[in-house]
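Structure in structure tokens, see below.
Every number here is computed from the coordinates shown, using simple stated rules; none is lab data. Keep in mind that this is a model prediction, so the values were computed, not measured. When we count neighbours, we look across all protein chains shown, and the Cβ atoms used for this are built from the backbone with ideal geometry, even at glycine.
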Amino acid sequence: MSVLIPLLFLITAVSGTAIVLIRDPSRQIFAIAANGIVLTILFTALQAPDVALSELAVGGAAVPLLFLVALMAVRAGTADQESGGDGR
Amino acid sequence: MTWLPYAVAAWLFAAGLYGLASSRNLIHLVGCLSVCQSATYVLLLGLGYRWGSIAPIFYDHPPGTPAVDPVMQALVLTDIVVGATLTALLLVLTVQIFKRSGTLDPEHLRPIRRRGAK
Amino acid sequence: MSPRLRLTLLGAALAGLLPGAVAVIGRLPEFGATIAAYGERINAIVPAERHVANMVSAINFDLRGLDTLGEEFMLLAAITGTVVLLRGRRGEETTDRAMRLPGRAILPRSEAVVLTCRLVGPLLMLFGLYIVVHATVTPGGGFQGGVILASGTLLAYLGEGYAGWRDVVRSHWLDAMEGGGAFLFVLCGLAPMLTGAAFMQNVLPLGTFRDLYSGGLMLIENAGVALAVCGGFTQLFLEFLEETRESAGPEESGEDSA
């Protein structure tokens with residue numbers, strides 16, 4: 001246990017930094033989802049099952065979906081402007 | 001070793017701030033803000049942890065067994081859920097900015113705003 | 001301000017804050033050595049006082065229930081703001097019909113996806129309900145269960161298509177769930193005052209420790225939170241997805257949309 005928790009903290013630092021460094025939003029979504037999963041494992045290791053459950057549902061599913069849909073809305077708008085409302 | 005969780009929290013916050021300052025895309029910027037948010041989770045849960053303690057749920061273990069701090073967990077738990085709705089609000093604002101100005105780059109926003117203000 | 005200047009400023013600010021951060025981290029209690037006295041006292045007293053096994057739920061719904069009331073209204077405000085922003089552009093009339101971009105290709109779903117979603121969807125909803133109901137016994141509660149229930153409805157979107165999903169998920173119901181959940185929570189605060197007790201005092205019988213009925217008033221507050229979170233998140237998903245397909249007329253058939 002005493003090795004696992006520091007390791008998980010380090011992985012959290014790396015996955016959080018990855019969100020910042022990945023500049024393309026459509027790739028960043030994967031980094032956000034991965035960060036959610038890493039945080040879930042960290043919270044479980046820190047004896048916080050309640051928090052891990054909500055982070056799993058929110059960080060692993062809900063928030064990436066919201067980002068994805070926001071990106072889709074922006075892309076649909078871009079396609080409208082470029083090709084006169086012809087989808088993508 | 002004993003300072004590692006706090007250092008990780010500080011690092012995540014600084015990385016998120018760097019992302020906020022250098023981002024060229026508003027959707028990416030909202031993602032960076034969530035990194036700052038996760039720094040607070042790491043800090044609070046790191047403060048509430050104690051080696052060899054159980055989770056603060058006395059179903060399998062009798063009450064009185066040493067457990068980790070439940071107050072921090074309650075704080076983080078509500079913040080995760082409420083923070084997600086705030087992320088949604090920010091994303092909607094981003095989409096509205098795009099619809100009105102046609103760009104997601106914060107660098108290109110200022111002249112458009114000035115033109116719209118007159 | 002040029003990007004380079006901005007980053008230089010940020011670097012200077014962070015460099016200035018660094019000694020302070022190092023000093024603070026040096027003074028913080030050693031990781032894993034001890035926990036705050038407040039949490040320690042709660043762990044010692046609350047299982048006997050409130051007959052509840054899950055301390056986190058006890059704090060959220062009873063000891064610091066007023067704070068959760070505030071959180072609940074932050075949730076409500078954020079979702080209301082989102083919905084107002086999105087519907088303000090679209091107009092309120094169209095919210096009950098599925099919209100579609102005219103040029104988007106209609107992709108057939110494979111039977112495996114449909115079958116998996118039909119099997120897993122109800123199971124996921126059941127799991128969400130389990131999490132909500134067992135708030136005071138095992139890890140879980142209204143916040144987590146509500147989000148799980150909301151994600152469960154998304155499997156209907158994946159399996160049945162957007163139009164089918166919109167047939168199941170009605171916007172008015174979601175509004176009612178969201179507001180009704182918050183109202184239920186406020187009612188839980190005010191109702192004890194009728195009996196002469198304090199705001200949000202736990203007046204119901206406390207039930208048995210480690211039993212499904214334990215915690216008294218907490219269970220009702222928990223149900224209110226679950227309703228509000230589930231309704232609110234589903235509403236968010238719905239309004240967001242509607243945003244990606246606003247520039248077309250309503251879709252007639254409910255069968256073959258992607």
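Quote to one decimal, in nm, the extra length available between C:A12 and C:R89 on full extension: 0.36 nm per residue of separation minus the C-alpha distance between them.
Extra length from C:A12 to C:R89 when fully extended: 23.5 nm.
If one takes the longest principal axis of the Cα atoms in chain C, at what angle in degrees, from 0 to 90 and to the nearest 10, does the Cα axis of helix C:37-50 lie?
Value to nearest ten degrees: 80.
What is the average number of partner chain Cβ atoms found within 10 Å of a Cβ in A:21-28?
Counting other chains' Cβ atoms within 10 Å and averaging over A:21-28 gives 4.
Calculate the spin-label point distance for C:L204 paired with C:T34, positioning each point 7 Å from the Cα along the beta-carbon direction, and give it in nanometres.
So the two model labels end up 3.9 nm from each other.
If you fit an axis through the alpha-carbon atoms of helix C:111-133 and take the longest principal axis of the Cα set of chain C, what angle between them do you get, 0 to 90°, nearest 10?
The two axes meet at around 30 degrees.
Okay, moving on. What does the structure give for C:227-239 when I average, per residue, the other chain Cβ atoms found within 10 Å of the residue Cβ?
3
Ignore the peptide's own chain and count Cβ atoms of other chains within 10 Å of each Cβ in C:63-70; give me the average, rounded.
Mean shielding by partner chains, rounded to a whole number: 2.
Could you work out the per residue convex hull volume over the alpha carbons of the protein assembly as shown, in cubic angstrom?
That works out to 169 Å³ per residue.
Give, rounded to the nearest 20 debye, the magnitude of the charge dipole that the protein assembly as shown has about its Cα centre when Lys and Arg contribute +1 at Cβ and Asp and Glu contribute -1 at Cβ.
Using only the charged Cβ atoms, the result is roughly 1580 debye.
How would you rank B:35-42, A:45-52, highest first, on the average number of other Cβ atoms within 10 Å across their residues?
Listed from highest to lowest mean packing, they are A:45-52, B:35-42.
For the stretch A:4-82, report the convex hull volume of the alpha-carbon atoms normalised per residue, in Å³, without decimals.
Hull volume over Cα atoms, normalised by residue count, gives 63 Å³.
Using mean Cβ contacts within 10 Å as the protection proxy, how do A:23-35, C:186-198, B:44-56 order, highest first?
B:44-56, A:23-35, C:186-198
Computed over the Cα atoms of chain C, what is the convex hull's projected area averaged over all directions, in nm²?
If I average the Cα hull's projected area over directions, I get 21.2 nm².
I need C:M74, C:M218 ordered by Cβ neighbour count within 10 Å, fewest first.
Fewest-to-most Cβ neighbours within 10 Å comes out as C:M74, C:M218.
To the nearest 10 degrees, how steep is helix A:4-21 against the longest Cα principal axis of chain A, on a 0 to 90 scale?
20 degrees
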